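Asks: The structure is given below, and queries will be raised subsequently.
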Amino acid sequence: MPQAPAAAADTKVLILHAARRRFADHGYEGTSLNDIADDVGIRRPSLLHHFPSKEAIYRAVLFELVGDWTALVTAAVQDPTTGWGQVERVLSAAFEFFEQHTDFVRLARREAIDGGPFFDEIATGLQPLFDRAVGFLEKEMRAGRLRRHNAPQLLLAGYGAILSYFSDAPLITVLLGTDPLSKESLRVHRREVVDLFRNALDPR
């Protein structure tokens, strides 16, 4: 008997969640369809009923995460302000996203380092967000509402300050002797990064 639409949709969501964890922990090559099926509690043929291949699952996982990130950034700039206020809002949104999507951090790192099968597509998808952010910073700098810097390099510095903190959490645990992903540690790191960029950008 075929699955009811709601049950099929629920199974598809479970597959994507299990696959996201597997791909983040073990990479594309280190994950098998059997691994994902076992995590969900279904048989391999049932998994293939929802996705025709491992590549199809990987693509769905990556583009779901990229879509979530794009939606968050879009929402953060939906009611645009100017100057430092807008920068702070996007920084805060980025922290919240990565705190809630640690799998995205590890997958993004793996794609960037290993040049995964969808690296070019992901880069193409994220390029408009990067260009939009550069354009905003340069416009605000020209207007005198932000201090002048190299806008692309400033964005990359922010990307590294936030993303690497989450991806390198095991190393940071050793260096600091505390859990960097605890609520207090995250609060402190967010405050320090925001203050760093405020001091660099806010002309007041």
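Asks: Using only Cα atoms, find the angle between the long axis of helix 54-76 and the longest principal axis of the chain, and express it within 0 to 90 degrees, rounded to the nearest 10.
Replies: Taking Cα atoms only, the helix is inclined about 30 degrees.
Asks: Please give me the summed charge of the neighbours of D38: other residues whose Cβ is under 13 Å from its Cβ, Lys and Arg +1, Asp and Glu -1.
Replies: Neighbourhood net charge equals +2.
Asks: A follow-up question, please. State the label only: which of (1) 0.92; (2) 1.20; (3) 1.04 corresponds to Rg/Rh (Cα atoms, Kirkwood Rh) computed from the shown model?
Replies: (3)
Asks: Enumerate the calculated ³J(HN,Hα) couplings along region 181-197 in order (Karplus 6.51 cos²θ - 1.76 cosθ + 1.60, θ = phi - 60°), each rounded to whole Hz, writing x wherever the residue is Gly or Pro.
Replies: Rounded to whole hertz, the list is 9, 5, 4, 5, 5, 5, 4, 5, 5, 4, 4, 5, 5, 4, 5, 4, 6.
Asks: Assigning unit charges at the beta carbon (Lys, Arg +1; Asp, Glu -1) and nothing else, what dipole magnitude in debye, to the nearest 20, does region 62-201 show about its Cα centre?
Replies: 660
Asks: For the chain, build the charge dipole from Cβ charges (+1 Lys, Arg; -1 Asp, Glu) around the Cα centre, then report which of L171, L72, T11 sits farthest towards its positive end.
Replies: Going by the charge dipole, the pick is L72.
Asks: Using only DSSP helix segments of four residues or longer, with each worth -39500 (n - 2.57), what per-residue ellipticity at 222 nm results for the chain after dividing by its residue count and rounding to 500?
Replies: Details: 10 runs with 159 residues, N = 204.
Roughly -26000 deg cm²/dmol at 222 nm, from the helical runs in the chain.
Asks: Let me ask another. When the Cα centres of region 44-71 and region 155-204 are compared, how far apart do they sit, in Å?
Replies: Taking the Cα centre of each part, region 44-71 and region 155-204 sit 30 Å apart.
Asks: Using a Förster distance of 41 angstrom, determine the FRET efficiency expected from the C-beta separation of Y159 and S46, and round it to 0.05.
Replies: Working: r = 39 Å, r/R0 = 0.95.
Here the calculated transfer efficiency is 0.60.
Asks: With contacts defined as alpha carbon pairs under 8 Å and 6 or more residues apart, what's the relative contact order of the chain in percent?
Replies: 20
Bear in mind that the values in this text are calculations on the coordinates, not laboratory data. All values reported here derive from a predicted model rather than from experimental measurement. Using ideal geometry, Cβ is built from the backbone for each residue, glycine included, and neighbour counts are taken over all protein chains shown.
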